[in-house]
1. Tell me the residue from GLY62, GLY97, GLY106, GLY69 that is modelled with pLDDT under 95, closer than 23 Å to THR174 by Cα and small (Gly, Ala, Ser), please.
2. Identify, please: which residue in the range 174-191 is touching a residue at least 12 places away in the same chain (Cβ under 8 Å) and not aliphatic (A, V, I, L, M) and is, among those, most open to solvent (accessible area, probe 1.4 Å)?
3. If you check GLY97 against the conditions, is it closer than 30 Å to GLY55 by Cβ and out of contact with any Ser or Thr (no Cβ under 9 Å at 6 or more places or on another chain)?
4. Within the set of pairs 6+ apart or on separate chains, which have a first residue in the range 160-171 that is in a loop (DSSP other than H, G, I, E, B), a second that is open to solvent by 10 Å² or more (accessible area, probe 1.4 Å) and among the basic types (Lys, Arg), and C-beta atoms under 8 Å apart?
5. Return yes or no: is ALA138 part of a loop (DSSP other than H, G, I, E, B), at pLDDT 95 or above and either farther than 17 Å from LEU18 by Cα or open to solvent by less than 50 Å² (accessible area, probe 1.4 Å) (or both)?
6. Residues that are more than 15 Å from the chain's Cα centre (by Cα) and closer than 21 Å to MET120 by Cα, at least 2 per element: which helices (runs of 4 or more DSSP H) completely within the range 6-95 meet that?
7. Of all residues being touching a strand residue (DSSP E or B) at 6+ places or on another chain (Cβ under 8 Å) and open to solvent by 50 Å² or more (accessible area, probe 1.4 Å) in the range 37-54, which is nearest to TRP72 (Cα to Cα)? Just the residue, please.
8. What are the residue pairs meeting all of these: first residue in the range 63-87, first residue open to solvent by 70 Å² or more (accessible area, probe 1.4 Å), second residue of a type in the set (S, T, N, Q), Cβ atoms under 7 Å, and 6 or more apart or on different chains?
Amino acid sequence: MSTIAVLFHSGYGHTERLAQVLFEAIAAEPDVSASCIAINQDGEISDADWSLLDGADAIVFGSPTYMGGVSWQFKRVADASSGRWMAQQWKDKLAAGFTNSASINGDKSATLSYLHTFAMQHGMLWVGTGLPAANTKAAQRNDVNYLGAFSGLMAQSPADASVEEGPLPGDLETARLFARRIVAQCQRLAD
């Protein structure tokens with residue numbers, strides 16, 4: 001059985017909704033034990049949460065994109081993982097990342113780049129989306145991978161959207177497909 005943890009911070013609930021969709025899609029796959037860990041507004045997680053991360057085969061990192069990067073709350077947890085880095089506790093685990101912002105671009109790639117670099121610092125193995133972009137004239141906003149992200153999941157929620165209105169359905173379906181890829185790669189490594 002593969003164990004996969006989704007670790008995220010959400011400021012307004014949109015990134016939490018994305019994390020929940022990822023978690024549910026991961027948990028729905030056979031032979032997977034999934035956990036969803038929310039970083040609180042003080043940038044902390046519990047000792048039990050740290051234990052879940054340490055025992056996971058894969059960790060999916062998520063943060064909203066604020067001012068071109070991860071939230072300070074996510075960064076605080078990342079910095080607090082330095083003891084695990086020194087002991088190489090997360091080395092060779094799978095890692096993946098996701099982000100959400102109000103703008104179509106919003107410099108989300110910088111957030112994914114941070115998450116990737118953070119995982120590489122820990123010696124983890126990164127999983128991208130593996131999904132083609134919806135980049136033809138016929139493409140619609142709710143197509144899978146409309147935002148054309150390959151290094152991780154990008155989603156967009158309009159600044160004035162409620163949590164029920166954003167992220168948009170195409171981004172949520174992209175999250176479900178990304179979750180299946182993460183599970184498949186985790187199970188592939190276990191074989």
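The values are calculated or read from the model by the stated rules, or taken from the named source; none is laboratory data. Keep in mind that what you see is a predicted model, and the values were worked out from it rather than measured. All Cβ positions, even for glycine, are placed from backbone atoms using ideal geometry, and neighbour counts span all protein chains on display. Ligands, DNA and RNA are stripped out before the accessible areas are found, and what is left, the full protein with its side chains, is counted by its heavy atoms. Shrake-Rupley method; radii C 1.70, N 1.55, O 1.52, S 1.80 Å.
1. On the way: GLY62 fails: modelled with pLDDT under 95; GLY97 fails: modelled with pLDDT under 95; GLY69 fails: modelled with pLDDT under 95.
Selected residue: GLY106, the only one of GLY62, GLY97, GLY106, GLY69 that is modelled with pLDDT under 95, closer than 23 Å to THR174 by Cα and small (Gly, Ala, Ser).
2. Of all residues in the range 174-191, those touching a residue at least 12 places away in the same chain (Cβ under 8 Å) come to 174-183, 185-187, 189-190.
Of the ones still in play, those that are also not aliphatic (A, V, I, L, M) are 174, 176, 178, 180-181, 185-187.
Details: THR174: 3, ARG176: 83, PHE178: 0, ARG180: 110, ARG181: 88, GLN185: 42, CYS186: 9, GLN187: 57 Å².
Applying the filter and picking the extreme gives ARG180.
3. No.
4. As it stands, the answer is VAL163/ARG17; GLY166/ARG17; PRO167/ARG17; LEU168/ARG141, since those pairs meet every condition given.
5. yes
6. 47-55, 72-80, 82-87
7. Here the residue is ALA38.
8. That search, which allows pairs on different chains as well, returns TRP85/GLN121.
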